[in-house]
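Student: This structure is in structure tokens; I'll ask about it shortly.
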Amino acid sequence: MTRPVEVFATAEDLAARAASIVEESVERASEERRVARIALSGGSTPRRAYELLGASGTLAGDRVEIFFADERCVPPSDHASNYRLVAETIGDHGNVRRIRGEIAPDDAADEYEALLRDRFGAGEPAFDLILLGIGADGHTASLFPGELELDERRRWVVATKRPHAWVRRVTLTLPVLNAARQALTLATGAEKAKAVAGILAGGTGPAARVLGARLLLDEAAAGAGTPPPKRSARPPSDELLDLSTESDAE
Ligand code: 6PG
């Protein structure tokens with residue numbers, strides 16, 4: 001499988017590119033299917049892209065529904081809440097479908113799964129776009145290395161069995177992440193370089209198992225470990241780099 005990778009000189013360039021990919025996806029999907037459905041992640045990396053999306057107002061209308069790739073089991077007002085991040089940056093214009101972190105984790109997962117099954121019906125949960133991050137340990141959404149949730153095949157949404165950084169989480173599962181029409185993974189900073197190298201080398205960590213995800217990286221995240229993106233002649237930031245890995249072709 002070919003992994004599209006783009007490398008940016010600055011975090012601002014990366015954020016602008018991420019915002020424009022989200023906007024293009026929403027434009028196209030809302031024209032083709034009336035309503036675009038996207039799922040967003042939390043963390044610090046996407047904040048600037050969300051601020052740009054908030055400023056442009058593209059996600060404010062009823063032609064888009066905003067879901068979450070994951071949530072910490074905290075109230076929506078908590079600083080750790082992914083809903084709070086989105087509400088503060090993009091804004092909640094009545095089209096944000098949050099995971100209720102304030103109720104029991106398993107109930108929140110059941111409730112969100114029911115919501116997704118209502119939206120996607122019996123078919124695949126094909127989000128138009130899912131925006132993801134990567135942890136230094138290779139986790140993505142709230143799918144952590146070595147955890148049972150990673151092997152879930154039937155359910156679309158689960159609660160993590162264990163807390164991660166002090167709190168349990170609710171997360172979309174790999175079948176949902178892999179069913180998206182487009183998955184976009186953002187990573188910045190040298191602390192992500194090893195996890196990124198693992199993906200590019202065809203690793204088996206959680207983020208590597210989102211097979212079609214397009215990677216948007218800054219140079220620090222792209223620059224260490226096994227062969228980084230080919231950039232003998234560095235292309236313009238909006239040009240894709242094709243990276244084929246042996247394991248991806250399995
Ligand atoms: C979250 C996530 C999580 C995140 C990574 C990267 O809500 O925290 O969905 O998977 O994307 O941990 O987080 P940073 O962007 O903060 O590095």
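The values are calculated or read from the model by the stated rules, or taken from the named source; none is laboratory data. All values derive from a computational prediction rather than experimental measurement. Cβ: placed from backbone, ideal geometry, glycine included. Neighbour counts: every protein chain shown. Keep in mind that these areas ignore ligands, DNA and RNA; they rest on the heavy atoms of the full protein, side chains included. Shrake-Rupley method; radii C 1.70, N 1.55, O 1.52, S 1.80 Å.
Student: Which numbered condition in (1) free of Cβ contacts under 8 Å to residues at least 60 places away in the same chain; (2) part of a helix (DSSP H, G or I); (3) open to solvent by 70 Å² or more (accessible area, probe 1.4 Å) is the only one that residue 13 fails?
Tutor: Just one mismatch for residue 13, condition (1).
Student: Only residues in the range 17-44 that are assigned to a loop (DSSP other than H, G, I, E, B) and modelled with pLDDT of 95 or more count as the first member; pair them with residues that are within 16 Å of the ligand (Cβ to nearest atom) and open to solvent by less than 20 Å² (accessible area, probe 1.4 Å), Cβ under 6 angstrom, at least 6 apart or cross-chain, and list the lot.
Tutor: Matching pairs, first to second residue: 41/69; 41/131; 41/132; 42/82; 42/85.
Student: Okay, moving on. Just a yes or no: is a residue in the range 109-121 touching a Gly at 6+ places or on another chain (Cβ under 8 Å) and buried (at least 22 other Cβ atoms within 10 Å of the Cβ)?
Tutor: no
Student: Give me the pairs, please: first residue somewhere in the range 125-137 and more than 17 Å from residue 112 (Cβ to Cβ) and touching a residue at least 40 places away in the same chain (Cβ under 8 Å), second residue anywhere and acidic (Asp, Glu) and near the ligand (Cβ under 9 Å from one of its atoms), beta-carbon distance under 7 Å, and either six or more positions apart or on two chains.
Tutor: 136/191
Student: Residues that are of a type in the set (Lys, Arg): which strands (runs of 3 or more DSSP E) entirely in the range 102-215 hold 1 or more of them?
Tutor: Those strands (runs of 3 or more DSSP E) span 169-172.
Student: In the range 16-42, what residues are surrounded by fewer than 21 Cβ atoms within 10 Å (Cβ to Cβ) and over 17 Å from the mean Cα position of the chain (by Cα)?
Tutor: 27, 28, 30, 31, 32, 33, 34, 35
Student: Still on this structure, I have one more. Only one of these is acidic (Asp, Glu) and under 15 Å from the mean Cα position of the chain (by Cα): 128, 92, 78. Name it.
Tutor: Result of the check over 128, 92, 78: 128.
Student: Something else: Evaluate the following for residue 128: is it surrounded by fewer than 21 Cβ atoms within 10 Å (Cβ to Cβ) and modelled with pLDDT of 95 or more? Working first, answer last.
Tutor: Numbers: surrounded by fewer than 21 Cβ atoms within 10 Å (Cβ to Cβ): no; modelled with pLDDT of 95 or more: yes.
Taking the combined requirement at face value, the residue does not satisfy it.
Student: Scanning for something away from the ligand (no atom under 11 Å from the Cβ) and among the hydroxyl-bearing types (Ser, Thr, Tyr), does the range 121-141 turn up at least one residue?
Tutor: Taking every residue of the range 121-141 in turn, none turns out to be away from the ligand (no atom under 11 Å from the Cβ) and among the hydroxyl-bearing types (Ser, Thr, Tyr).
Student: I would also like to ask the following. Sort out which residues of the range 169-194 are within 22 Å of residue 44 (Cβ to Cβ) and away from the ligand (no atom under 13 Å from the Cβ), and write them in order of number. Can you show your working first?
Tutor: We begin by selecting, within the range 169-194, every residue within 22 Å of residue 44 (Cβ to Cβ); these are 169-172, 177, 183-194.
Scanning the range 169-194 gives a single hit, 194.
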